[in-house]
Amino acid sequence: MRVTAEGLDFGYRNRRKVLDGLTWTVEPGVTGLLGPNGAGKTTLLSLIVTLLPVRGGRLLIGEHDLSTGTGRSRARHELGFVPQRFSLTGELTVAETVAYAAWTHGLDRRECGEAARRALESVDLAGLADRRTRTLSGGQRQRVGIAAALAHDPRVLILDEPTAGLDPGQRLRVREVVAGLGADRTVLISTHLIEDVAHLCTRIGVLAGGRIEFQGTFPELEALIDDVPGASAYGSGFERAYDRLIARVGERP
Ligand code: ADP
């Protein structure tokens, strides 16, 4: 299932436009959304998951048009969202947390236990089903968040900075889980970590100046970086060159 934006405009009250005629299609697989701080990544994700209203242009989840009430309610069945800061209720177990998420997405109460079991398996947490969430590590909590977003088996999964604040081992684990989910879903992740993009994303979009200024694969992004002096794809200069590239993409007329 695709996510399609056509001429999408968005501004917060009394402010300049954050998104300005953004046109982009996100295909099945794992796509990375990059861009400088304040570019509007969280705003775009919030529009996609229907937390913000579409006021200008079009935004479609598959065939469902988010500017209509029917489109929004149908789209919500297809959407899973892991926000940047989600909270877990410490006294619930892992399985209860995910079953509750399934219930809030409209699943019948009798189906929620089985839905939770399946979702926990897909993030490799079946073994921790009976643990209380407060006892989990950061990476495990993040995977519970992903399981909660998956419990109603959505076709489209949106993750805002899924590896932020994790140590390298935990990041690797979350990345492996997300890569697996991209096999039969449309996964869109916002991230500022180049390793996430290099190891995880089959496609990349760079948001700058309210639009998608670059779209392509990681090798195509790398090719642009090649002509930045002193940069090599995995060398120490890469992070800096990458920041400059993102800034430069944003300055293109
Ligand atoms: P990013 O996720 O790329 O860092 P955001 O989508 O968070 O960017 O923010 C884009 C712009 O919108 C920023 O200038 C930010 O200050 C502004 N913004 C974000 N949320 C709000 C809000 N709730 N009200 C007003 N302005 C906001």
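Each value in this text was obtained by applying a stated rule to the coordinates, not by laboratory testing. Keep in mind that what you see is a predicted model, and the values were worked out from it rather than measured. Here the Cβ positions follow ideal geometry from the backbone for every residue, glycine too, while neighbour counts run over all protein chains shown.
Of note:
- Over all pairs of different C-alpha atoms, the stretch 112-233 has a mean inverse distance whose reciprocal, the Kirkwood radius, equals 15.9 Å.
- Under the Debye formula (equal points on every Cα, no solvent term), log10 I(q)/I(0) of the stretch 86-153 at q = 0.23, 0.25, 0.28 Å⁻¹: -0.86, -1.02, -1.27
- Amide H within-cut-off set for Thr23, under 5 Å, with H built and near neighbours excluded: Gly7, Leu8, Ile212
- Order of Lys41, Lys17 - criterion: other Cβ atoms within 10 Å of each residue's Cβ, fewest first: Lys17, Lys41
- Rounded to the nearest Hz, the phi-derived 3J(HN,Hα) couplings of the stretch 207-218 under the Karplus curve 6.51 cos²θ - 1.76 cosθ + 1.60 (θ = phi - 60°) are 8, 7, x, x, 9, 7, 8, 9, 9, x, 9, 4, where x marks glycine and proline.
- Between helix 138-150 and the chain: long-axis angle, C-alpha atoms, 0 to 90°, nearest 10: 80 degrees
- Acute angle (nearest 10 degrees) that the helix 94-104 long axis makes with the longest principal axis of the chain, alpha-carbon atoms: 80 degrees
- Here's how it looks for Phe81: its modeled amide H is under 5 Å from those of Ile158, which are all 5 or more places away or on a different chain.
- Theoretical gain in end-to-end length, Glu63 to Arg2 [0.36 nm per residue, Cα-Cα removed]: 21.1 nm
- Which of Gly139, Ala75, Ala223, positive extreme of dipole for the chain (C-beta unit charges): Ala75
- Backbone HN-Hα couplings from phi across the stretch 167-179 [Karplus 6.51/-1.76/1.60, Hz, Gly and Pro as x]: 7, x, x, 5, 4, 4, 5, 5, 4, 4, 4, 5, 4
- The antiparallel fraction among DSSP beta bridges confined to the chain stands at about 55%.
- Overall, the stretch 86-153 carries a charge dipole of about 220 debye about its Cα centre when +1 sits on the Cβ of Lys and Arg and -1 on the Cβ of Asp and Glu, all other atoms neutral.
- Where the Cα pairs of the chain fall when distances are cut into 5 Å bins, in %: 1, 6, 13, 17, 18, 16, 13, 9, 5, 2, 0, 0
- In Hz, Karplus ³J(HN,Hα) per residue of the stretch 40-51 (6.51, -1.76, 1.60; θ = phi - 60°; x = Gly, Pro): x, 4, 5, 4, 4, 4, 5, 5, 4, 8, 6, 7
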